[in-house]
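Only one structure is covered here, and it is reproduced in the block below.
The values are calculated or read from the model by the stated rules, or taken from the named source; none is laboratory data. Computed from a predicted model, the values in this text were never measured in an experiment. Using ideal geometry, Cβ is built from the backbone for each residue, glycine included, and neighbour counts are taken over all protein chains shown. Accessible surface is based on the protein model in full, side chains and every heavy atom, while ligands, DNA and RNA are left aside. Shrake-Rupley method; radii C 1.70, N 1.55, O 1.52, S 1.80 Å.
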Amino acid sequence: MPDEIRQFLIAGEQAGARYRFASLGRTPQGTAGTQLARSAGESMEFMEHRDYQPGDDLRRMNWSAYARSDKLVVKIFRQEICPHFDLILDGSKSMQLPGTRKLEAAVGLAAALACAAENSGYSRRTYLTQDGCHPVQGGTERPPAWHGLEFTSSHNPAESFRLQLPSLRPHGVRVIISDLLWMGNPLEVLNPVTDRAAATLVLQVLAAEDADPQELGNHRLVDSESGQSLDLYIEAGGVERYRDNLNRHQQAWRLACRQTGATFLSFIAEDLCQNWDLSPLVEAEILAMS
Amino acid sequence: MFFALPWMLLGLLGLPALTAIYWLRSRSRPRVVSSLFLWSDQRIPRQGGKVVEKLQTPLIFFLELIALAAIALAAAAPALIRSQYSRPLVIVLDDSYSMQAGNDQTFREQAAQKLAAEFRRINYVARIIVAGAKPRLLSAVIRTPDELHQALKDWKCNSPIAGLDSAISLASEIGGETSRILVLSDHPPDADLSAGKIQWWGFGTPLGNLAFTAAARDAVDGGDGQLGDRVLLEITNFGSQPAQATLLLSGMSDKSSSRQAVNLAAGAASRIILNIPDSTGILQASLDTKDLQTDNTVSLVSSRKRPLRVQLAISETTPAAQDLQSSLTRGLEATGQSQLVNVLPELIITDHLQPSTEGAHQWEILTGPEPISFEGPFVMDRSHPLTAGLSLEAVIWTAPKEVTPEGNPIITAGNHVLMTDIEQVSGRHLFQTVFTPALSNLTESPDWPIFITNLVRWCLASVPGPAMSNVRLGQQFKVTLSAEAAAVETATMTAPDGTIQTLPVHGKQLELQGDMPGLYEVKIGPMQFPFACNAVNAEESNLSACETGQWGQWNLSDVYQDQHFNLDWICILLALGCLMFELMILTGRGVPSS
């Protein structure tokens, strides 16, 4: 793995060191509880009293309270959980678009989220989409320890999913980091990712040039992944049409995310790398200051 | 159609520049993108290609091309002349003889040729003014090239000078507010003519002309009783290089011609003085240069006149009277134009009142008692020929107190009249002077011979015959007629080209003028005499400042706007339309969906 990517990982980890995961919609779960969840459970941590309801475990009955108030009250304890974080990183060539900071932003964002998960006590696993979704070597470790991050795949994530699905842990928090710039049904990716997930984040990282092409005139456009080319004379009207297409594409992803309960956020790589401001994630109540 | 600012058409050079820009930018620049699918609905390829050799011509290229051309055309201010409109025009032609210069084609011929071409191109209603010494209207209204051709036949270019300023003033008066003025000359205008009524065409070429700039012939007394003529010829090289020519003299008494080489440095002048016998009739001098023929030849006829017959009738025998007679005799001899006689005098000078003699002028010098002295200067009638050149500074003039001369005062000392002039019915003049010679120093002063000379010349002027025999081109001179000649009604003047001009005779004098260089023959009753007219004018012979060009622009002048139909606004609208359409295309609003 190039040192450049490692530097990006370090920068992202530093950015994410101040954050932890906020309370997500559904409680992440795990077999061996290491954290207390907001829901009631079997831990020794007292949570609250409530009136007895038929079926409640009689061992939880607070007899002292019954003696004082002549009311049947049971003790509720908090649940112990072991949350898990699955990160799926788009490993296609388009993430390494020349002349942009797209790779830096994607890798850094992945590292920041991994660090926030670490701060939140989540177990982690990182996947890279190439010819299938493969775990990143050392992906359970701190980001600088990750190995094998190669963004050379000609397959987009949807194709990678078709080749090999990631083995995602149930009830975990799942994050996809990609530019999402392929043509296809978003549900093809979102359905397996959101299945039995506590929460799913879809983070789109676009280069500024992807979001708002500036150069006009005659161009031979070359697809970074397929190598196909297209000769175009780009006028202001053509750029406008491109923006409309991009908006429609993002709208399709937002819709699919709403359908599957995922959260969609889009970042401009150059803006993100400017000062690693993760406030959009905070505002979306995904991260919180630790 | 014409363009008011034709140099603005240089803006059309932008068209090949724009084509070059499109040609160069038609090369596609490779650009890696994340995905092509977002670009897939673009109209491809609208422009550009894989090869640079092929010029791509999208619609906006043609729009820009049209807009650029329209802007350049608008800047050149195109305008149409209203078809039914005939432009009023006054043409001022330089009539000086320098227009006859030129090697293969004279300046005049070039000017006439271009003027005819202009008439064939545009409808004019023109009048022609010839700018000679005085402006002269050449013809009636001219509308067609044929009429112009006929009118230009009278454009001779024989004037000694070109009074272009006065001719232009006359043209402005004739043409009025909306008339154009076209000046045809061989030199550029002196002032800036931009945006005015005047357009100036020059047809000259700088030439190093070698020419006669002065020619004179005077009668002299050889001193040994032999009478002869002295001839002065001045030749000037107006070129910037040394020049040489051959001077040919003909008409000498020995009937033979003489040749003389003339070598002159740049800008130098040479004077040649010849003494020729009195019997030499017409002396002709010519140079063999080719730039301008008019000033290459001069003719000089004999200007010898018989002397004035003067009778001195001094009756006093006093020493003072004898001194006066002596002073008068010396003064008359000094003029060289008088002869003392006792019979048939033409001027009588006397010291007493006496009856007038028929046919003779008379000068009476009156003395008397109680002389009173006056010291000069005195009040003089400067318009009288006798006072020409007189100053009378520090002259002591003593005159009798009680004697007052009769007639119009010529010289006065305060209210005391010293000299008078009376013109009699016969045309003779009687001068009366109150003067006491013994107590005056007038006869010892320099004014004395001047006065005597004035008197003799004036009296000679009344002697029948021409005042001058050799004149400059265009110079006027008077001929005093004899009684028999004054009785006729018309005189004839034969010009050098053989044309005969009939002149009416009124009174005792006739005014003549030579309009072309050469020898003239004048016949007035029994009087017959020749005179020579020579083109000797350094300003006209100097062809170094001649220039070909066009100055002034009518179309910029506001007074002609109603004669034009301006097209620049159409060009501007076209350019704006193209640019608007291009803007709509570029912003995507004007692109067809297909």
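Below, the figures for the structure above:
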| read-out | value |
| --- | --- |
| Per-selection Kirkwood Rh - the range A:128-256 (Cα, Å, 1 d.p.) | 16.7 Å |
| Peptide B:462-475, shielding by other chains (average Cβ, 10 Å cutoff) | 0 |
| Relative packing of peptides A:208-221, B:3-16 - highest average C-beta neighbours within 10 Å first | A:208-221, B:3-16 |
| Relative contact order computed over chain B (Cα-Cα under 8 Å; 6+ residues apart), in percent | 16 percent |
| Packing-based order for B:266-274, A:254-262, using average beta carbon neighbours within 10 Å, highest first | A:254-262, B:266-274 |
| Residues with amide H under 5 Å from that of B:Ile129, placed H, sequence gap 5 or more | B:Ile91, B:Val92, B:Leu93, B:Leu138 |
| Anisotropy class of the range B:314-370 from Cα gyration tensor, a/c 1.5 cut | oblate |
| Most positive-pole-ward Cα, B:Thr404, B:Leu264, B:Ala17, against dipole of the protein assembly as shown from beta carbon charges | B:Ala17 |
| Once the Cα gyration tensor of the range B:335-428 is diagonalised, semi-axes √(5λ) in Å | 24, 16, 14 |
| Values of log10 I(q)/I(0), in the order q = 0.18, 0.19, 0.20, 0.21 Å⁻¹, for the range A:106-146 under a Debye, Cα-only, solvent-free model | -0.46, -0.51, -0.57, -0.62 |
| Cβ-placed point charges (K, R +1; D, E -1), dipole of chain B about Cα centre in debye, nearest 20 | 3840 debye |
| Length-normalised contact order for chain A - Cα pairs under 8 Å, 6+ apart - percent | 22 percent |
| Stokes-Einstein D (µm²/s) once Rh is taken as the Kirkwood radius of the protein assembly as shown over alpha-carbon pairs, at 37 °C in 0.692 mPa s | 81 µm²/s |
| Solvent-accessible area per residue, Å², over the range B:233-342 with all protein chains present [probe radius 1.4 Å] | 52 Å² |
| Tensor-based shape of the range A:90-161 (alpha-carbon gyration tensor, a/c under 1.5 rounded, otherwise prolate or oblate) | oblate |
| Vicinal HN-Hα couplings computed from phi for the range A:120-133 (Karplus, 6.51 cos²θ - 1.76 cosθ + 1.60; Hz; Gly/Pro x) | 8, x, 7, 7, 9, 8, 10, 10, 10, 7, 9, 8, x, 8 |
| Mean separation of Cα contacts under 8 Å (6+ apart) over length of the range A:83-241, as relative contact order % | 25 percent |
| The protein assembly as shown: antiparallel DSSP beta bridges as a percent of all, rounded to 5 | 60 percent |
| Other protein chain Cβ atoms within 10 Å, averaged over every residue that makes up A:209-221 | 5 |
| Size descriptor, Kirkwood hydrodynamic radius, that averages inverse alpha-carbon separations across the range A:176-219, Å | 12.7 Å |
| Partner aspartates and glutamates for A:Lys75 [C-alpha distance under 14 Å; skip if fewer than 8 residues away on the same chain] | A:Glu42, A:Glu45, A:Glu48, A:Asp51, A:Asp56, A:Asp57 |
| Carbon plus sulfur fraction of accessible area for the range B:106-200, probe 1.4 Å, in percent | 49 percent |
| Cubic angstrom per residue, convex hull over Cα atoms of the range B:142-207 | 130 Å³ |
| Prolate/oblate/rounded call for the range B:417-558, Cα gyration tensor, a/c under 1.5 rounded | oblate |
| Principal axis dimensions, largest first and in whole angstrom, of chain B by Cα | 143, 61, 47 |
| Sorted peptide list for B:69-75, B:345-351, criterion being average Cβ within 10 angstrom, highest first | B:345-351, B:69-75 |
| Long pairs among B:Lys114/B:Lys156; B:Lys114/B:Lys153; B:Lys478/B:Lys523; B:Lys134/B:Lys523, criterion Cα-Cα beyond 21 Å | B:Lys134/B:Lys523 |
| Equivalent-ellipsoid semi-axes of the range B:431-490, from the Cα gyration tensor, Å, largest first | 35, 17, 7 |
| Exercise: per-residue mean of other protein chain Cβ atoms within 10 Å, A:158-164 | 0 |
| DSSP bridge orientation in the range B:91-189 - percent antiparallel, rounded to nearest 5 | 35 percent |
| Radius of gyration and maximum dimension Dmax of the range A:221-287, Cα, Å | 16.0, 44 |
| Anchor A:Lys93: aspartates and glutamates whose Cα lies under 19 Å away (excluding residues fewer than 8 positions away in-chain) | A:Asp3, A:Glu4, A:Glu104, A:Asp131, A:Glu150, A:Glu159, A:Asp179, A:Glu209, A:Asp210, A:Asp223, A:Glu225, A:Glu270 |
| DSSP beta bridge pairing in the range B:76-144, given as percent antiparallel to the nearest 5 | 35 percent |
| Accessible area (Å², 1.4 Å probe, nearest 10) - B:Trp200 | 20 Å² |
| Potential extension, B:Phe529-B:Thr494 segment - 0.36 nm per residue separation minus Cα distance | 11.5 nm |
| Distribution of pairwise C-alpha distances over the range B:352-397, 10 Å bins, in % | 20, 34, 37, 8 |
| Coarse-grained scattering of chain A at q = 0.14 Å⁻¹, given as base-10 log I(q)/I(0) from a Debye sum over alpha-carbon atoms | -0.99 |
